[in-house]
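The values are calculated or read from the model by the stated rules, or taken from the named source; none is laboratory data. Please read all numbers here as calculations on a predicted model, not as lab measurements. So basically every Cβ, Gly included, is an ideal-geometry build from the backbone, and we count neighbours across all protein chains shown. Remember, those area values only see protein heavy atoms, side chains included, never the ligands or the DNA or RNA. Shrake-Rupley method; radii C 1.70, N 1.55, O 1.52, S 1.80 Å.
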Amino acid sequence: MSIHQTPERDTFIQEAKDPTLYMPKKVTVKSLKQFKNRQQPFAMLTAYDYSTAKLLDDAGIETLLVGDSLAMTVLGHPNTLSVTVDEMLHHVKAVRRGTQRAFVIADMPFMSYHISKEESLRNAGRFIQEGGADAVKLEGATTETLELIERLSEIGIPVVGHLGLTPQALLNLGGYSMQAKTAHTAYKLIQEAQTLENAGCVALVLEMVPNEVAKIITERLDIPTVGIGAGPACDAQVLVIDDILGRYGGVNPSFVRRYAPVGELTQKAATQFRQDVIEHHFPHPEAESTPMEEGELFALQQMLDLHHGRLT
Ligand code: KIV
């Protein structure tokens, strides 16, 4: 048993077993294919730290994405452009430590796979070797990106593609808006999706594209599509953890469903804690702190009296 493995975790995996559901013990590239073949949807959530990764892994989430969205949700930047490879790696390592079963995907940040093939390969390798990720994700389908995906796949680094709204192209796009809305742009997107599969991608994120376009791509590709604001036809669905917990208010996409008001609860808890401190209600002198043993306290008192309160 590894240090991160607990009996409760094993129990969960056993209990969650439903004979009709495909429940791999460890989610791998092969499992992603199996999900698609069985037409069994799977879930992806972003995770950026150890404890969240552990909770999501225990909940049975099949794939965890250490997304560059952490630039906004964790680091407070206005967009995803400023996060670096080293910063991303810091989070990938933490998520890896919290994950036993889920497939961990490391998002390659802006400019980490654009300068040269060598540098891109080295950066991708770091996410696998140092970060312990199971795959890397990169955005777009330019000729250079396709070549890189081919090489990474040859080396043995699984790649997840990302099309539609690609947040790293924000300055060109001018905002976070629906993509591929016209027949012409939708056709181009379908072509790009096919080239990404041909280059070796093991899955494809489709962000903010019309339902019908996502459906066509999902039906044409052998690899699973993972939708975010791309409708119900995708093979899998991904959301940003801070969005579903109401912990981040920077952007409020219409496709997000809030599953628990954790942001609100965190504020309530913090307000109550502050109140308790101010009103001397925290900590409780016995239940939440440790009184000294009577004999030791008496001896200490005598020592202090002996020296008239001075410490020698
Ligand atoms: O960085 C991220 O969180 C993502 C998802 C929105 C797919 O790329």
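Within the chain, what's the longest run with no GluC sites (Glu not before Pro) in a DSSP loop and at most 11 other beta-carbon atoms within 10 Å? Give the range, please.
Details: sites that count: Glu279, Glu286, Glu288, Glu293.
Of all site-free stretches, the longest is 1-278.
If you take the square roots of the eigenvalues of the alpha-carbon gyration tensor of segment 29-261 and sort them as a ≥ b ≥ c, do you get rounded (a/c under 1.5), prolate (a/b over b/c) or oblate? Don't jump to the answer; show the numbers that get you there.
Details: a/c = 1.20, a/b = 1.08, b/c = 1.11.
Taking the square roots of the gyration eigenvalues as a ≥ b ≥ c, segment 29-261 is rounded.
Pick out, from Gln39, Leu221, Asn79, the residue whose Cα sits farthest towards the positive end of the charge dipole of segment 29-261, with +1 on the Cβ of Lys and Arg and -1 on the Cβ of Asp and Glu.
So the residue we want is Gln39.
Lys/Arg Cβ at +1, Asp/Glu Cβ at -1, dipole of the chain taken about the Cα centre: which of Ala233, Gly250, His281 is farthest positive-ward?
Highest projection toward the positive end goes to Ala233.
Filter the trypsin sites (Lys or Arg not before Pro) in segment 171-254 down to the DSSP loop ones having no more than 13 other Cβ atoms within 10 Å, then list what survives. Don't jump to the answer; show the numbers that get you there.
Values: sites: Lys181, Lys188, Lys215, Arg220, Arg247; in loops: Lys181, Arg247.
Counting only loop positions with at most 13 other Cβ atoms within 10 Å, the trypsin sites (Lys or Arg not before Pro) in segment 171-254 are Lys181.
Specify the angular offset, from 0 to 90 degrees and rounded to the nearest 10, of the alpha carbon long axis of helix 117-129 from the longest principal axis of the alpha carbons in the chain.
50 degrees
Rolling a 1.4 angstrom probe over the protein heavy atoms, how many square angstrom per residue are accessible across the chain? Don't skip to the answer; put the middle values down first.
Details: 17280 Å² over 312 residues.
Accessible area per residue, the chain: 55 Å².
Helix 183-199 versus the longest principal axis of the chain: what angle, 0 to 90°, nearest 10, using Cα atoms?
The answer is roughly 80 degrees.
Sorted by accessible area with a 1.4 angstrom probe, largest first, how do Arg97, Arg274, Arg126 fall?
Accessible-area ranking of Arg97, Arg274, Arg126, largest first: Arg274, Arg97, Arg126.
Given an 8 Å cut-off on Cα distances and at least 6 residues of separation, report the relative contact order of segment 29-261 as a percent.
Working: 461 pairs, mean separation 42.6, N = 233.
The normalised contact order for segment 29-261 reaches 18 percent.
Helix 143-155 versus the longest principal axis of the chain: what is the Cα-based angle in degrees, 0 to 90, to the nearest 10?
The angle comes out at about 70 degrees.
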